1. Hey, does region 34-45 have a residue that's outside any helix (DSSP H, G or I), surrounded by 12 or more Cβ atoms within 10 Å (Cβ to Cβ) and under 27 Å from the mean Cα position of the chain (by Cα)?
2. Picking from Leu44, Leu49, Leu36, Leu54, which residue would you name as being in contact (Cβ under 8 Å) with a residue 40 or more places away in the chain and under 28 Å from Asn174 (Cβ atoms)?
3. Just give me the residues in region 147-161 being surrounded by fewer than 20 Cβ atoms within 10 Å (Cβ to Cβ) and farther than 25 Å from Arg50 by Cα, in sequence order.
4. Of the residues Asp64, Asp71, which is within 20 Å of Ile155 (Cβ to Cβ) and either modelled with pLDDT of 95 or more or outside any helix (DSSP H, G or I) (or both)?
5. Output the number of the condition that Ile127 fails; it satisfies all remaining conditions of (1) assigned to a helix (DSSP H, G or I); (2) of a type in the set (Val, Ile, Thr); (3) under 18 Å from Ala146 (Cβ atoms).
6. Right, Thr168: in contact with a helix residue (DSSP H, G or I) (Cβ under 6 Å, 6 or more places away or on another chain) and polar (S, T, N, Q) or not?
7. How about region 144-167: which of its residues are outside any loop (DSSP other than H, G, I, E, B) and closer than 11 Å to Thr129 by Cα?
Amino acid sequence: MTEDHRRHPLRNSGQDRKAVGDVPDTAQTRSPTYRLAFADNDFLCREELRPVRLQLELLKPELDMDDEGIDSTIVMFGGARIPAPDKKETARTQTLADLSAFYEEARTFARLMTEESLKSGGRENVIVTGGGPGVMEAGNRGAVDAGGKSIGLNIVLPHEQAPNEYVTPELCFNFHYFAIRKMHFLMRAKAICVFPGGFGTLDEMFEALTLIQTGRMEQVPFLLFGKEFWQKIVNWDALSDAGTISAEDLDLFRFVDTAEEAIDALKNWAHAGETRDAIPGR
């Protein structure tokens with residue numbers, strides 16, 4: 001909310017925060033108890049304030065995305081270790097080097113989706129990634145290729161990390177709570193695209209699939225890039241044959257190998273917008 005839109009005559013928090021910076025330096029004003037509660041980082045990081053921090057972490061990106069006019073997103077999950085094709089010689093394994101082809105497919109897909117989004121104002125189907133390297137970088141880079149915005153939802157990790165250079169600065173977020181970050185991935189999602197990756201990618205993929213399977217989320221288009229990779233990593237048919245999922249659950253997603261296949265699948269998704277009211281096989 002900007003100053004011009006306020007509808008009350010009271011001083012705002014920003015004014016008071018500035019004012020307390022000019023108070024006399026005394027033992028009393030140096031005391032932590034004198035700090036304004038909302039400007040006291042030590043207070044906000046107390047164990048008892050976790051519910052407040054969760055709320056703030058949900059609210060801040062929501063308000064910023066509203067301010068930037070983001071109405072819906074295309075989610076791109078994928079491995080941080082997959083290199084760009086021109087850097088595949090740096091890959092730790094030959095498999096990773098071979099998977100560099102999906103960096104290029106991710107970049108092309110993001111570019112095509114962003115070009116389409118810009119035709120209607122750039123508010124719908126905005127690319128969102130985890131903001132890091134690998135496939136995430138490719139997604140944000142493709143949006144830049146098209147001249148559009150993209151979102152990066154970063155997470156604080158113990159090792160040094162920085163957002164990739166292609167994330168739109170005004171849409172570059174950082175999270176402490178994995179759970180809240182996952183909510184922001186899915187709250188505006190109109191499609192979910194999963195590229196080859198590791199534990200993080202698998203976690204994000206299966207959580208989103210579970211929400212759709214159980215009717216907690218609409219059946220948005222759900223694409224797995226790299227049929228050979230995903231059929232090798234997960235024995236989908238074995239899950240169905242064992243009865244731990246139903247045969248109908250295998251229709252919740254589709255394999256694609258190229259950006260063009262993905263675009264076609266998005267345009268022809270049979271149950272987009274529908275929500276399950278029962279779980280088959282139960």
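The values are calculated or read from the model by the stated rules, or taken from the named source; none is laboratory data. Computed from a prediction, not measured in an experiment: that's the story for all the values here. Don't worry about glycine lacking a Cβ; one is built from the backbone with ideal geometry, like all the others, and counts go over all protein chains shown.
1. No, region 34-45 contains no residue that is outside any helix (DSSP H, G or I), surrounded by 12 or more Cβ atoms within 10 Å (Cβ to Cβ) and under 27 Å from the mean Cα position of the chain (by Cα).
2. Leu54
3. Gly147
4. Asp64
5. (1)
6. Considered against the rule, which asks whether it is in contact with a helix residue (DSSP H, G or I) (Cβ under 6 Å, 6 or more places away or on another chain) and polar (S, T, N, Q), Thr168 comes out as no.
7. Ser150, Ile151, Gly152, Leu153, Asn154
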